[in-house]
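Encoded as structure tokens, the structure appears first; notes follow it.
The values are calculated or read from the model by the stated rules, or taken from the named source; none is laboratory data. Everything numeric in this text was worked out from a predicted model, so none of it was measured. For neighbour counting, all protein chains shown are included, and Cβ atoms are generated from backbone atoms with ideal geometry for every residue, glycine included. Heavy atoms of the whole protein, side chains included, go into the accessibility calculation; ligands, DNA and RNA do not. Shrake-Rupley method; radii C 1.70, N 1.55, O 1.52, S 1.80 Å.
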Amino acid sequence: IGVVRALALTSRLAWRMPETPPVRKLYGSLGVLAIVTAVLAVQLIRNRLLGGPFYTDLMLLVVAVGVLGGIFLMLFMWLPRPDGVPVTALVPGALLMTGGLLVIRLATLVYFAPRIETAPSLYGGLGLSAVFLAWLYIISRLLVASISLNAAIWQRENIESAPEAND
């Protein structure tokens with residue numbers, strides 16, 4: 001429920017919208033759960049299918065990126081935004097979120113994975129928790145940046161295309 005409230009508030013602030021009635025908590029929570037489950041399922045399915053010929057793995061990566069982009073586009077469509085904002089205005093944020101997750105995955109494989117393996121023996125549960133919290137922090141910052149990117153691009157284009165009010 002807190003994630004739903006935070007996402008809705010972040011979206012309203014980024015789009016400079018007035019306070020609106022709260023989102024239905026149950027539907028919002030189920031939506032967030034569905035999105036997290038879908039993202040994890042895409043990753044798990046992709047990992048299970050990797051290991052074939054190069055072109056098959058490359059095609060699998062392209063399909064996984066497309067599915068992730070679609071999932072994030074659906075998330076941004078669900079979040080509050082002003083009337084008249086087309087779905088195409090949400091594509092830059094979905095691309096940023098998808099690309100950011102790919103970079104996070106690469107960083108996890110190259111940097112965090114070796115540290116996670118040694119963290120329990122060196123620091124116990126606190127080391128593993130620190131790595132996990134850092135991962136969540138980076139993803140949350142990426143999500144806020146994606147929402148803000150959508151709003152900033154759309155607002156910039158609408159301000160530039162609007163007639164001058166001072167003339």
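For the stretch 76-92, residues that are farther than 22 Å from TYR27 by Cβ and open to solvent by less than 30 Å² (accessible area, probe 1.4 Å) total 1.
Here the stretch 101-126 is the region considered, the condition is being open to solvent by less than 100 Å² (accessible area, probe 1.4 Å) and either within 30 Å of ALA14 (Cβ to Cβ) or among the acidic types (Asp, Glu) (or both), and the residue that is modelled with the lowest pLDDT is PHE112.
Taking the conditions exactly as written (in a loop (DSSP other than H, G, I, E, B), modelled with pLDDT of 90 or more and in contact with a helix residue (DSSP H, G or I) (Cβ under 9 Å, 6 or more places away or on another chain)), does VAL67 satisfy them or not?
Considered against the rule, which asks whether it is in a loop (DSSP other than H, G, I, E, B), modelled with pLDDT of 90 or more and in contact with a helix residue (DSSP H, G or I) (Cβ under 9 Å, 6 or more places away or on another chain), VAL67 comes out as no.
For the stretch 1-52, a residue qualifies if it is farther than 24 Å from ILE153 by Cα and assigned to a loop (DSSP other than H, G, I, E, B), and the qualifying residues are ILE1, PRO21, PRO22, VAL23, ARG24, LEU50, GLY51, GLY52. Could you run through the stretch 60-70 and say how many residues are hydrophobic (A, V, I, L, M, F, W, C) and open to solvent by less than 60 Å² (accessible area, probe 1.4 Å)? Going through the stretch 60-70 one residue at a time, the tally reaches 4. Within the stretch 53-64, the set of residues being part of a helix (DSSP H, G or I) and not aliphatic (A, V, I, L, M) comprises PHE54, TYR55, THR56, ASP57.
All conditions but one from (1) aliphatic (A, V, I, L, M); (2) at pLDDT 95 or above; (3) exposed (fewer than 11 other Cβ atoms within 10 Å of the Cβ) apply to ALA145; the one that does not is (3).
Counting only residues that are among the hydroxyl-bearing types (Ser, Thr, Tyr) and open to solvent by less than 50 Å² (accessible area, probe 1.4 Å), how many does the stretch 1-44 have? Steps first, answer last, please.
Step one: of the stretch 1-44, the residues among the hydroxyl-bearing types (Ser, Thr, Tyr) are 10-11, 20, 27, 29, 37.
Adding the requirement that they be open to solvent by less than 50 Å² (accessible area, probe 1.4 Å) leaves 10-11, 20, 29.
Residues flagged as among the hydroxyl-bearing types (Ser, Thr, Tyr) and open to solvent by less than 50 Å² (accessible area, probe 1.4 Å) within the stretch 1-44 amount to 4.
Taking first residues from the stretch 103-132 that are farther than 17 Å from ASN47 by Cβ and of a type in the set (Val, Ile, Thr) and partners that are at pLDDT below 75 and assigned to a helix (DSSP H, G or I), the Cβ contacts under 7 Å between residues at least 6 apart in sequence or on separate chains come to VAL131/PHE112; VAL131/ARG115; VAL131/ILE116; VAL131/ALA119. Taking the condition in a helix (DSSP H, G or I), over 24 Å from MET74 (Cα atoms), modelled with pLDDT of 75 or more and open to solvent by 40 Å² or more (accessible area, probe 1.4 Å), does SER129 pass? Yes; evaluated as a whole, the condition is true for this residue. Evaluation of PRO114 against the conditions (1) assigned to a helix (DSSP H, G or I); (2) under 25 Å from ASN150 (Cβ atoms) shows that the sole unmet condition is (2).
From the list LEU73, LEU95, the lone residue that is within 21 Å of VAL39 (Cα to Cα), open to solvent by less than 60 Å² (accessible area, probe 1.4 Å), of a type in the set (A, V, I, L, M, F, W, C) and part of a helix (DSSP H, G or I) is LEU73.
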